[in-house]
Amino acid sequence: MHKLDTPGSYSEVETLVDLIHELRFDFVDFQLYRGFPSRGSDFLLHLKLKCQRYGLPIGFVAPEGGFLGSASTPQGDVIGVPLPAEELRTTIAGAKNAVDVAVLMGAPLIRIFGGGVPEQSEDRDQLWQIVVSSFQEVADYAASKGVSVGLHNHAPAVPPTGDDILYLLEAVDRQNFTF
């Protein structure tokens, strides 16, 4: 592996970039909660330059989590539950931070989990509204920075169905919100 001028110790994410380069992949995606020793601008710019030297565009950066919690019923069914208010604000702030990282690193997109709300969930319509308004807030912030928000079909509660995805795309109703 080639170690480019690395500040400090060599990180897992740098090893990933080396591997992607050696495998001759076309681009790299980053999950900010995996392998990043720092989100400081010095490290992020170092990583961006490493990708540029390898000719690897950065496809997206991803924050952790989604805008919905989950719980199990006594019968073992998974249901959607609202995140505590502070946790929801932290998750939204993390998504906005991912937008800022995307701008710094030249990524056109952030990717956020957007699961479905199970039928058995209490106040299902209210849960959907929390998810929709959270995506709208992040998409509005991202639009002001020229970044798109991609809906990832992964579960915060349960994986979304095709109908769930279509619902979210229509309900969020932002030009920079995509699947």
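Annotations for the structure displayed:
- Proximity of backbone amide H atoms, modeled 1.01 Å from N, is registered between Leu109 and Val61, Ser148 at under 5 Å, excluding neighbours fewer than 5 places apart on the same chain.
- Under a 5 Å amide H cut-off, with hydrogens placed 1.01 Å from N, Ser70 pairs with Val81 among residues at least 5 apart or on other chains.
- ³J(HN,Hα), Karplus 6.51/-1.76/1.60, whole Hz, each residue of segment 27-42, x for Gly, Pro: 7, 10, 10, 10, 9, 5, 9, 10, x, 8, x, 7, 10, x, 4, 4
- Dipole magnitude of segment 30-110, debye to nearest 20 (Cβ charges: Lys/Arg +1, Asp/Glu -1, about Cα centre): 440
- Whole-number percent relative contact order across segment 3-80, with pairs defined as alpha carbons under 8 Å at least 6 apart: 31
- Dipole of the chain, positive end: most advanced residue of Ser134, Gly76, Val103 [Cβ charges, Cα centre]: Val103
- Normalised per residue, the accessible area of the chain is 52 Å², obtained with a 1.4 Å probe and no contribution from ligands, DNA or RNA.
- Per-residue Karplus couplings for segment 43-60, computed as 6.51 cos²θ - 1.76 cosθ + 1.60 with θ equal to phi - 60°, are listed in order as 5, 4, 5, 4, 5, 4, 5, 4, 4, 4, 4, 7, x, 9, x, 9, x, 7 Hz, Gly and Pro entered as x.
- Accessible-area value, Glu64, 1.4 Å probe, nucleic acids and ligands omitted, Å²: 120
- Of all accessible heavy-atom area on the chain, the percent that carbon and sulfur account for (1.4 Å): 50
- Alpha-carbon centroid distance for the pair segment 91-142 / segment 41-55, whole angstrom: 26
- Between Gln31 and Ala62, the built amide H atoms are under 5 Å apart, and every one of these is 5 or more places off in sequence or on another chain.
- Cubic angstrom per residue, convex hull over Cα atoms of the chain: 134
- Contact order relative to length of segment 104-159, as percent, for alpha carbon pairs under 8 angstrom and 6 or more apart: 62
- From phi via Karplus (6.51, -1.76, 1.60), per-residue ³J(HN,Hα) for segment 109-125 in Hz, x at Gly/Pro: 8, 10, 10, 10, 4, x, x, x, 10, x, 3, 6, 5, 6, 6, 4, 4
The values are calculated or read from the model by the stated rules, or taken from the named source; none is laboratory data. Keep in mind that this is a model prediction, so the values were computed, not measured. A quick note on method: Cβ atoms are made from the backbone with ideal geometry, for glycine too, and the neighbour counts reach across all protein chains shown. Accessible surface areas use protein heavy atoms only, side chains included; no ligands, DNA or RNA. Shrake-Rupley method; radii C 1.70, N 1.55, O 1.52, S 1.80 Å.
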